[in-house]
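Asker: Below: one structure in structure tokens.
Just so it is clear, none of the values below were taken in a lab; they were calculated from the coordinates. In this text, all values refer to a predicted model and were calculated from it rather than measured experimentally. Cβ coordinates were reconstructed from backbone atoms using ideal geometry, including for glycine residues, and neighbour counts include every protein chain displayed.
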Number of protein chains: 2
Amino acid sequence: MAQPDTKQRILDAAESLFARDGFHSTSLRAITGLARVNLAAVNYHFGSKEALIEAVFERRLLPLNEIRLKKLRQVGALAEQVGARPDPKEVLRAFIAPTLQFRDTCPGSHDFITLVGRALNEPDETVRTMFIERIRPVFLLLFDLLHQGLPELDRSLLFWRLQFALGAMGHVMCRAGRFQSLPDGIEPPRDTEALIGMFLDFVTAGMEAP
Amino acid sequence: MAQPDTKQRILDAAESLFARDGFHSTSLRAITGLARVNLAAVNYHFGSKEALIEAVFERRLLPLNEIRLKKLRQVGALAEQVGARPDPKEVLRAFIAPTLQFRDTCPGSHDFITLVGRALNEPDETVRTMFIERIRPVFLLLFDLLHQGLPELDRSLLFWRLQFALGAMGHVMCRAGRFQSLPDGIEPPRDTEALIGMFLDFVTAGMEAP
DNA sequence: GTCTATAGATTGATAGAC
DNA sequence: GTCTATCAATCTATAGAC
């Protein structure tokens, strides 16, 4: 391997450009140009553009899902120990905080969060389905714990409220750090923790609404 | 005009395909094929693909914005008459209800709502900017009335909560009626009014969160 | 206004030398 | 594994006949 990091370089460049321009608008030439590797390298290492998109998600989503599952299980276990229902806010935090923190904790994952937001609204059915498949176990556990925490809430209603929350979250992630000009007197969140706090207040209140 | 409705046919076809596949993935050939008009007709009638995208938004957004502005002003005027603050839920309803109802009330606008949701997360800066410019007046009035209704809430916090709400709304609109398979035991909203009610409960609680 | 034909650029993918 | 060269398909846009 003359360039042992060719695959990494391609993944980094693809992640960055997919986040900025979307999947379909980003050409392999743009990716290999930014990564400073040969055009043919993408098909050699990944097989196709579609497979590259999958690989970009795979690289970050596997560790992120591990963290989210772990945190969610902790919240569930803690509630069981005390014999209480899981606190909806803590359940939501276990899902949301690692996701939004990911850009700080995982080196080079800055653009990935934008990408996740983008995948949720992706027109291309195959890309969106691929993404949703990978999230499903986390979503199911999240839904289950929220249902335990809010047992009086109709399951269908809970499901739709969770869809609203995920939509809001996708938008936040997609546009995070990309508000070019804010209106007069509007302050951006101090840091990620401040954003998480703001978002959790909003979404918890929404989920617990009468 | 041998085919007096050529422009309309193109607009209808473009609206439908943009909603299904996104702006960049929809070719002029697909549009003119569906509209059963000649390929060159798009450039003759609209000048360019970019201008066609604008025209698609223009056609629906002008009347929709009129309705939303009227309703918002009504809520503001009513509150002023009674000498009370505008009720946040009614303010939000004045913005949200006409938007979600639009697919029922405006003939042929079924796909447009999906399109609005799509525009919010559009990677292409020019498309998103074009869209945001056109709803700015509505957004400003909405923000102002909410600020009157929740004067104790920091303006920056209000702004970000409103962003969360718009993100959730975009997601709802984008995916409305496009959930191919729901999980077991999950019921879709009975009708648009039921969806509006669910969404308003969620979003009002989020905006009013402590 | 509608059509055919085509320019001119860009795309994903691959064959084959090294 | 990396490179050059290129294919075949696609795209937007336009020129010019009718």
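Asker: Suppose R0 equals 25 Å. What FRET efficiency, 1/(1 + (r/R0)^6) with r the Cβ-Cβ distance, do B:A30 and A:L39 give to the nearest 0.05? Numbers along the way, then the final one.
Answerer: Values: r = 28 Å, r/R0 = 1.11.
Efficiency at R0 = 25 Å is approximately 0.35.
Asker: FRET efficiency for B:L78 and A:Q8, Cβ-Cβ distance as r, R0 = 60 Å, nearest 0.05? Could you put the intermediate results ahead of the total?
Answerer: Values: r = 60 Å, r/R0 = 1.00.
Calculated value: 0.50.
Asker: Continuing with the same structure: To the nearest 20 debye, what is the magnitude of the charge dipole of chain A about its Cα centre, counting +1 on the Cβ of each Lys and Arg and -1 on the Cβ of each Asp and Glu?
Answerer: It comes to approximately 440 debye.
Asker: With everything on Cα atoms, drop me the angle between helix A:192-207 and the longest principal axis of chain A, reported from 0 to 90° to the nearest 10.
Answerer: Once rounded, one gets 50 degrees.
Asker: Answer with one residue from B:A19, B:M169, B:G76: the one whose Cα lies farthest towards the positive end of the charge dipole of chain B, charges on Cβ with Lys, Arg +1 and Asp, Glu -1.
Answerer: B:A19
Asker: Going from the alpha-carbon gyration tensor of the range B:127-180, what semi-axes, largest first and in whole Å, does one get by taking the root of 5 times each eigenvalue?
Answerer: On the way: eigenvalues 118, 46, 16 Å².
Computed over the range B:127-180, the values are 24, 15, 9 Å.
Asker: Let me make sure I get this right: for the range B:95-147, a, b and c are the square roots of the gyration tensor eigenvalues over alpha carbons, sorted descending. Under 1.5 in a/c it's rounded, otherwise prolate if a/b > b/c, else oblate. Which is it?
Answerer: It is oblate, given that a/c is not under 1.5 and a/b is not larger than b/c.
Asker: Apply the a/c threshold of 1.5 to the C-alpha gyration tensor of the protein assembly as shown and tell me whether it is rounded, prolate or oblate.
Answerer: Cα axes put the protein assembly as shown in the oblate bin.
Asker: Can I ask one more? In degrees from 0 to 90, rounded to the nearest 10, what is the angle of the helix B:88-105 Cα long axis to the longest principal axis of chain B?
Answerer: For helix B:88-105, the angle is close to 20 degrees.
Asker: From other protein chains only, count the Cβ atoms within 10 Å of every residue's Cβ in A:203-210, then give the mean.
Answerer: Numbers: counts 6, 3, 10, 12, 3, 3, 10, 2.
Other-chain Cβ atoms within 10 Å of each residue's Cβ, averaged: 6.
Asker: If you don't mind, there's one more thing I want to ask. Percent of Cα-Cα pairs more than 26 Å apart in the range B:52-163, please. Mind dumping the intermediate values first?
Answerer: Working: 1413 of 6216 pairs.
Distances greater than 26 Å cover 23 percent of the Cα pairs.
Asker: Taking a quarter of the surface of the convex hull around the Cα atoms of chain A, what do you get in nm²?
Answerer: Seen from a random direction, the Cα hull of chain A projects 13.9 nm² on average.
Asker: Would you please name the GluC sites (Glu not before Pro) within the range B:114-210 that are DSSP coil residues with at most 11 other C-beta atoms within 10 Å of their C-beta?
Answerer: When the GluC sites (Glu not before Pro) of the range B:114-210 are filtered for loop state and at most 11 Cβ neighbours within 10 Å, B:E152 remain.
Asker: Using alpha carbons only, how many degrees (0 to 90, rounded to 10) separate the axis of helix A:6-21 from the longest principal axis of chain A?
Answerer: Value to nearest ten degrees: 60.
Asker: State, to one decimal in nm, how far the label point of B:R136 lies from the label point of A:R178, with both points 7 Å from Cα in the Cβ direction.
Answerer: Result: 2.1 nm between the two label points.
Asker: Between copies, how far does the label point of A:S25 sit from its twins, in nm, shortest first, when each point is 7 Å from Cα along Cα→Cβ?
Answerer: Spacings between copies for this position, smallest first, are 1.5 nm.
Asker: Could you give each residue of the range B:173-178 its phi-based ³J(HN,Hα) in whole Hz, using Karplus coefficients 6.51, -1.76, 1.60 with θ = phi - 60°, and x for Gly or Pro?
Answerer: Taking θ as phi minus 60°, the curve returns 5, 5, 9, 4, x, 10 Hz for the range B:173-178.
Asker: Of all alpha-carbon pairs in the range A:15-58, indicate the percentage at a distance above 15 angstrom.
Answerer: Numbers: 342 of 946 pairs.
Counting pairs separated by more than 15 Å, the tail of P(r) holds 36 percent.
Asker: Take the alpha carbon atoms of the range A:1-80, find their center, do the same for the range A:115-156, and report the distance between the two centers in whole angstrom.
Answerer: Measuring centre to centre over Cα atoms gives 20 Å.
Asker: In addition: With +1 on each Lys and Arg Cβ and -1 on each Asp and Glu Cβ, and nothing else charged, work out how big the dipole of the range B:34-129 is about its Cα centre, in Debye to the nearest 20.
Answerer: In debye, rounded to 20, the range B:34-129 gives about 280.
Asker: I need the inter-copy label distances for B:N65: point set 7 Å along Cα to C-beta, values in nm with one decimal, smallest first.
Answerer: Those separations, rounded to one decimal, come out as 4.3 nm.
Asker: Starting from the 7 Å offset along Cα-to-Cβ, what nm value, one decimal, do you get for the label separation of A:K70 and B:E50?
Answerer: 4.8 nm
Asker: Just to check I understand the Karplus step: with θ = phi - 60° and J = 6.51 cos²θ - 1.76 cosθ + 1.60, what whole-Hz values come out for the range A:148-155, glycine and proline as x?
Answerer: 5, x, 10, x, 6, 8, 3, 4
Asker: A further question follows. Given only helices, namely DSSP H runs of n ≥ 4 each adding -39500 (n - 2.57), what is the per-residue ellipticity at 222 nm of chain B, to the nearest 500 deg cm²/dmol? Walk me through the intermediate numbers first.
Answerer: Details: 9 runs with 155 residues, N = 210.
Mean residue ellipticity at 222 nm (helix-derived): -25000 deg cm²/dmol.
Asker: Something else now. Which whole-Hz ³J(HN,Hα) couplings does the range B:108-125 yield from phi under the Karplus relation 6.51 cos²θ - 1.76 cosθ + 1.60, θ = phi - 60°, glycine and proline marked x?
Answerer: Each residue of the range B:108-125 in turn: x, 8, 3, 7, 5, 4, 4, 5, 4, x, 5, 4, 4, 10, 4, x, 5, 4 Hz.
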